[in-house]
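Presented below is the structure to which this report refers.
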4 protein chains.
Amino acid sequence: MSNTFGKAIKITLFGESHGPAVGAVVDGLPPGLRIDKDRVSAELAKRSGPESVSTARREPDEVEFLSGEKDGYTQGTPLTILIRNTAARPGDYEKTAETPRPSHADYTGYVKYLGFADASGGGHFSGRLTAPLVAAGAILQSALEEKGITVGTHISRLHGISDRAFAEEPSEDIKALKGLDFPVLDLNASEKMIKETEAAKAAGDSVGGTLETAVCGLEAGLGEPWFDSIESELAHILFSIPAVKGVEFGEGFAMADKTGSEANDEPCFKGGRISMRSNNGGGADGGITNGMPLLFRTAVKPTPSIAMKQNTVDLGKGEETTVEIKGRHDPAIVHRAAPVVNAAAALVIADFIARRFGYMALRNE
Amino acid sequence: MSNTFGKAIKITLFGESHGPAVGAVVDGLPPGLRIDKDRVSAELAKRSGPESVSTARREPDEVEFLSGEKDGYTQGTPLTILIRNTAARPGDYEKTAETPRPSHADYTGYVKYLGFADASGGGHFSGRLTAPLVAAGAILQSALEEKGITVGTHISRLHGISDRAFAEEPSEDIKALKGLDFPVLDLNASEKMIKETEAAKAAGDSVGGTLETAVCGLEAGLGEPWFDSIESELAHILFSIPAVKGVEFGEGFAMADKTGSEANDEPCFKGGRISMRSNNGGGADGGITNGMPLLFRTAVKPTPSIAMKQNTVDLGKGEETTVEIKGRHDPAIVHRAAPVVNAAAALVIADFIARRFGYMALRNE
Amino acid sequence: MSNTFGKAIKITLFGESHGPAVGAVVDGLPPGLRIDKDRVSAELAKRSGPESVSTARREPDEVEFLSGEKDGYTQGTPLTILIRNTAARPGDYEKTAETPRPSHADYTGYVKYLGFADASGGGHFSGRLTAPLVAAGAILQSALEEKGITVGTHISRLHGISDRAFAEEPSEDIKALKGLDFPVLDLNASEKMIKETEAAKAAGDSVGGTLETAVCGLEAGLGEPWFDSIESELAHILFSIPAVKGVEFGEGFAMADKTGSEANDEPCFKGGRISMRSNNGGGADGGITNGMPLLFRTAVKPTPSIAMKQNTVDLGKGEETTVEIKGRHDPAIVHRAAPVVNAAAALVIADFIARRFGYMALRNE
Amino acid sequence: MSNTFGKAIKITLFGESHGPAVGAVVDGLPPGLRIDKDRVSAELAKRSGPESVSTARREPDEVEFLSGEKDGYTQGTPLTILIRNTAARPGDYEKTAETPRPSHADYTGYVKYLGFADASGGGHFSGRLTAPLVAAGAILQSALEEKGITVGTHISRLHGISDRAFAEEPSEDIKALKGLDFPVLDLNASEKMIKETEAAKAAGDSVGGTLETAVCGLEAGLGEPWFDSIESELAHILFSIPAVKGVEFGEGFAMADKTGSEANDEPCFKGGRISMRSNNGGGADGGITNGMPLLFRTAVKPTPSIAMKQNTVDLGKGEETTVEIKGRHDPAIVHRAAPVVNAAAALVIADFIARRFGYMALRNE
């Protein structure tokens, strides 16, 4: 698959950070899906993040639909999303090709692309590629919302500071997060996290964090036992987002300290329908949604681009050296990753609905 | 893809726990790959686990190659692995269809398959489906070892008890783990874990755990930036293994508490070749192997089948009830999952090698 | 994809002609599809062909469902079809590995599989692999028939002898063909074709032919403009059937001699619904079904296995030599290919219905 | 797959005839492949055809590489080809949405896209989508030529007029065809065909034709027995090209009149390497190339857009009516399809080489 993800609804991603453009082709959408351009812009703005804790590279991210759109609706043909790179400054990155930045894709990209790939700003590896992903996800989030399915993500932890957990029924929390470009449930925690990030920025350093995501309104029955469990497909796309280093569902790694009697979610009736007394499994059993909110966490490493001088090697000379990263960088990316995770989740869920009920089932009628 | 996983080397899984057989078709193997049947048996035996901490359902797991094998070598045509179910006892499970066991796939399977699927022993969801996966992985592990690539997994945590971490260079640890059916590096920790598991068994309960896996001898350059990062593909197959609830690479979720200056892995030269001063990223940057050992952890929930009486619902009567699980079950599955994780890792790595260099590159010459 | 075909409904084929078995795994079927085992047997019997004009290798083709079936219905899990090879006589073919039979896959298989593949009876290339394909197709044909979709194929030409064409509305013709193992519409032509085939057999030679297939009851709207036109998907699977050398839709190659005004199919109303005044396009415009019967022809080359002595090379000695084919062979395969073409068409159509409306849409309710 | 074709090298197509642009994303190319922009332009010019026998819609087809290209070489990242639509005149087509043109995709597109798709000029169904396909194919043709693999196509028949066949060894013929935008081997036949096409144009009509393609320099061993035979993959992409209605390999449909002893290709030695005494099979046995030139023919129907008044239906009013097609159309498309077929063949062959030997094997070293 490589640069194409999805089975019934497929997204094909392209672009380099400092090339002409980044974009995506989305195939398998039904005709007549309304494209809410304000929603697309709003999600892209959240992806840019608030100025004090995000990169100084700021560009309008204007979306052009090269195909598949007409009069504000999908045509049903492949939808092509184009975002031109207007703030490209390749000069900042000239040396990275030879002196790979620690924990960046400079070295691995060099091995894979033999020096032919434009490594400026991360090139094809750049987080900038998530912009068309967010745009595509925004369109699907609108469609899912008309079916009562909502997705929300908050920063559950940032450099040791924790947010409160989602409420047992997270719908209201998801609503509250919708407008935030630094999405935290507890305002007190939010302030501390922002200060911590600003402090890292001042120190020429960066911080990591964890995102927690909830999906509400999902019916039971989506997913496959082998190999396309709902967890498998979500993890697949989440682990392709730059800087993601961990994914867990429900209690996740805390399961290692639990007994079955503690961890099991017992079926019960709530309001006339089948529910569970707890949600330790994160809303999926046997790889298939069980009707509970889908709950997962995504670990995001600290931005590898930091201002401090770091050790590295000179690939040309074959000797050790140091590198100081110029460019414009984020002291944290965890908040900017939140709308990307929402978009990824919307793509996966829409894909599973389309696989089970046909792609026409995504239409808003 | 559903029941088919892989791009250049593909495995198609089939079977039900208490049906005639479980099996797999592996396509894309080169001709002339030696099939070490003893190795296949050894991995399947490890998957069965030591008797005191594993299910009482014990069967020989005899592998028949229905196609693709001749005189101990792959033909290059699809290799079909068949394992007959000899110890099937569907009677034990008769009621599970109507009273879903907590945190099992009984309810989600019922929704998805509308009652037509044989739910006995988990049916198609059963961990028994991992047997042909392990058999396929054993063949690829042999092939990778001839190229100097080794895979090993230990129980890094079991109900609060921790094993020591892999050594910085884990090759020797991997060797030490090879023969163990309860794979723990520190023998003292191993004893404690076994006792803890036996105690859970005695209490009619079960325990969860975490596996840590290392892959040594991997060259840099395997994986894709979008969407098939090495982490994506590994997580995809790992999350399809029953009971897996979390996957993290390198420092994983601990990244949330780190700064960039702590987390970054600085390139250096070691023994004339490029290496890193640390391995917090788990051997991959930008989704592509960087030449360091690949390091990841997999969270395995406690076996949901426990002897205690549990609450559930009666799907037929539409009322709440209780369920007592008869059958034969494991007090822990984390140790049995270890060879499955090794097999999954071998499949993913072989697939990436085949994608980059062609499937003929997997031959042992 | 290689040995897996289909998007929403996928078939994975395996086996060698003289190995233990041939089989298929079919994934993506809905639960609760009735499996008419008599229909499966009937289609397999047609695939064997009448004795006088078919191979002397005759075996019962007993189907075992290794998974996915319960009490005569699909479970919704992968359906595994196994047919053991009971009449295997590998000794007959011993020498073919070294002296490739003309227009067989002996030489190309040798190049691809480096001598590791069992070439007896064609090995993995054998027409025997079509048996599980026919079994899978029979199940889908039953399901489609309950939706009013019928598929039929006749020998439109055999070594210069022509059958009459399908009637403009071919439903009755399809019914008439259903029971025939030498499917010809005009009985007079049928007799001539059988005589011609018997004559070829007597001469130690073989004959080629053309099949014409009609699918009735298809709604408009199935298929994709790029790249999965209904013609593309059909041709893909048809050209994987051994001996197929041509596929054409509607007027096909005769289009080269026509003008647009002759070839165009003008829309009109018939019985209150949109129809066309002619069907030169074979039922598809822009790669999508237009509601007219789907009409296509498949060219089948003469069986390459003939009794006459033929020239070839000795791969071991590197010199020219001759080969006399022993084994048991068909003087024609065109009639035996007819049920295979029907099965292939059923698979493609079911797949397109599942893609558009979800796989649950294939259920018979 | 739908709008994505290929396994190791994949092309994703997008665009509408009268939308902003058409384009393609090509993934899986190795880094460092030289992009000969003159060759790309030359192939696009051939696709436009000579003025007297082609549409009056003429635009420069300027290619912009949005990603994946740097300094005239592939980066190894997804290559995005963009061709803006500069001569869009949607007004010409206003009525086609309601009164579908005979043998166009107007009606089937209406059923599939429910009226949301822009049908102007065929919309997403338009032959204009072949422009980015031709551009991608031109890049791969250059790469294949450096490996000694050449592809050529001539009009073997046009409205009853035949060209001579390819020479037994077609390399020289392929060279001769390279510069021609009306590719015919026999100049006399060429003149007649052009006159015939001009006559059709004058009569407000159109003509169909057949293309014959040869690929030289292919090694044996490319292709798969099931389901990805070389014929299957070629037919798949060929049948997605608008107006293609038939594909045959070697003797194709003429096989129906032959015996095995006439049709079989006997292996022999020629110049020290294995060859065949004839090439009736078109260069493939068992779905795998046999080292002989690959030979196939593609049937192209007459342009359905003709100036004559034709019968159709009014979808809005639900009654029969007539339609007169304005727009700018081709009196024949067979000559314009020739470079498209070459591009399609280059894509398929490059994909098979990449599957067997890895995508790095396509580099020119």
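Since every read-out is calculated from the coordinates, none of them should be taken as a lab result. Predicted, not measured: the structure shown is a model, and the values here were computed from it. Virtual Cβ from ideal backbone geometry, glycine too; neighbours counted across all protein chains shown.
Observations
- Cβ-Cβ FRET estimate between C:E64 and B:D38, R0 fixed at 30 Å, reported to 0.05: 0.55
- Label-point spacing for D:L114 across the identical copies (point 7 Å from Cα in the Cβ direction), in nm and ascending order: 2.3, 4.8, 5.4.
- In loop segments of region A:1-91 as defined by DSSP, the GluC sites (Glu not before Pro) with at most 13 further C-beta atoms inside 10 Å of their C-beta are A:E62.
- Considering only C:V341, C:V151, C:V323, the mean-square fluctuation computed in a Gaussian network model of chain C, springs between alpha carbons under 10 angstrom, is largest for C:V323.
- Distances between equivalent label points of D:R273 across the copies, with each point positioned 7 Å along Cα→Cβ, amount to 3.5, 5.5, 6.6 nm, shortest listed first.
- Once the Cα atoms are used to define both axes, helix D:187-202 deviates from the longest principal axis of chain D by about 20 degrees.
- Taking only the C-alpha atoms of region B:124-177, the Rg (one decimal) and the largest Cα-Cα distance, Dmax (whole number), read 14.2, 39 Å.
- Acute angle (nearest 10 degrees) that the helix D:37-48 long axis makes with the longest principal axis of chain D, alpha-carbon atoms: 50 degrees
- Amide H contacts of C:Y73 (H built 1.01 Å from N, under 5 Å, at least 5 apart or other chain): C:I35
- Taken over the Cα atoms of region C:141-263, the convex hull encloses 154 Å³ per residue.
- Normalised contact order of region A:116-253, rounded percent, pairs of Cα under 8 Å and 6 or more residues apart: 26 percent
- Residues whose amide H falls under 5 Å from that of B:E98, counting only those 5 or more places apart or on a different chain, are absent, with hydrogens built in the peptide plane.
- Take every pair of alpha-carbon atoms less than 8 Å apart whose residues are at least six positions apart; their mean separation over the length of region B:4-362 yields a relative contact order of 24 percent.
- Using all pairs of distinct alpha-carbon atoms, the Kirkwood hydrodynamic radius of region A:64-200 works out to 18.7 angstrom.
- Label point of B:D38 (7 Å along Cα→beta-carbon): distances to the other copies' equivalent points are 5.5, 6.4, 7.3 nm, sorted ascending.
- For region A:283-365, fraction of C-alpha pairs farther apart than 21 Å, in %: 58 percent
- Taking the charge dipole of chain B about its Cα centre, with +1 at Lys and Arg Cβ atoms and -1 at Asp and Glu Cβ atoms, the residue from B:P339, B:Q75, B:A361 reaching farthest to the positive side is B:Q75.
- Using only alpha carbons, the protein assembly as shown has a radius of gyration to Kirkwood radius ratio (Rg to Rh) of 0.95.
- For region A:4-362, with +1 on Lys and Arg beta carbons and -1 on Asp and Glu, the positive-most of A:G281, A:P242, A:A87 along the dipole: A:A87
- With 25 Å as the limit, the listed pairs B:K46/B:K201; B:K195/B:K309; B:K195/B:K326; B:K37/D:K7 have B:K37/D:K7 beyond it between alpha carbons.
- For the axis carrying chain B to chain D: nearest C-beta residue of B, whole Å: B:G358, 2
- Projected onto their three principal axes, the Cα atoms of region A:217-278 cover extents of 42, 29, 21 Å, largest first.
- Trypsin sites (Lys or Arg not before Pro) restricted to DSSP loop in region A:1-75 with at most 14 other C-beta within 10 Å: A:R58
- Between the C-alpha center of region A:283-331 and that of region C:133-202 there is a gap of 62 Å.
- Cα-based helix-to-principal-axis angle, D:130-145 vs chain D, degrees rounded to 10: 10 degrees
- Evaluating kT/(6 pi eta Rh) at 37 °C and 0.692 mPa s, with the Kirkwood radius of region C:1-49 over Cα pairs in the Stokes-Einstein relation, gives 256 µm² s⁻¹.
- For region A:202-345, the relative contact order is 36 percent, taking Cα pairs closer than 8 Å that sit 6 or more residues apart in sequence and dividing their mean separation by the residue count.
- Nearest-0.05 FRET efficiency for D:K178 and C:A176, computed from C-beta distance (R0 41 Å): 0.20
- Calculated mean residue ellipticity at 222 nm for chain B: -8000 deg cm²/dmol, from DSSP H runs with n ≥ 4 weighted as -39500 (n - 2.57), summed, divided by the residue count and rounded to 500.
- Amide proton proximity set for A:K245, modelled H, under 5 Å, gap of 5+: A:A299, A:V300, A:K301
- Between B:K326 and B:N188, the FRET efficiency estimated from the beta carbon spacing at R0 = 30 angstrom works out to 0.25.
- Charge dipole magnitude, Cβ of K and R +1, D and E -1 - the protein assembly as shown, Cα centre, debye nearest 20: 0 debye
- Per-residue mean of C-beta atoms belonging to partner chains within 10 Å, peptide A:306-313: 4
- Note on D:121-127: average number of Cβ atoms from other chains within 10 Å of each residue's Cβ is 4.
- Most fluctuating residue given options A:T312, A:T80, A:T153, as computed from a GNM of chain A linking Cα atoms under 10 Å: A:T312
- Between A:P225, A:P132, A:P339, the residue with the greatest mean-square fluctuation in the GNM of chain A (Cα pairs under 10 Å linked by springs) is A:P225.
- Diffusion coefficient, µm² s⁻¹, Stokes-Einstein with Kirkwood Rh over alpha-carbon pairs of chain D at 10 °C and 1.306 mPa s: 75 µm²/s
- From phi via Karplus (6.51, -1.76, 1.60), per-residue ³J(HN,Hα) for region A:338-350 in Hz, x at Gly/Pro: 4, x, 5, 5, 4, 5, 4, 5, 5, 4, 5, 5, 4
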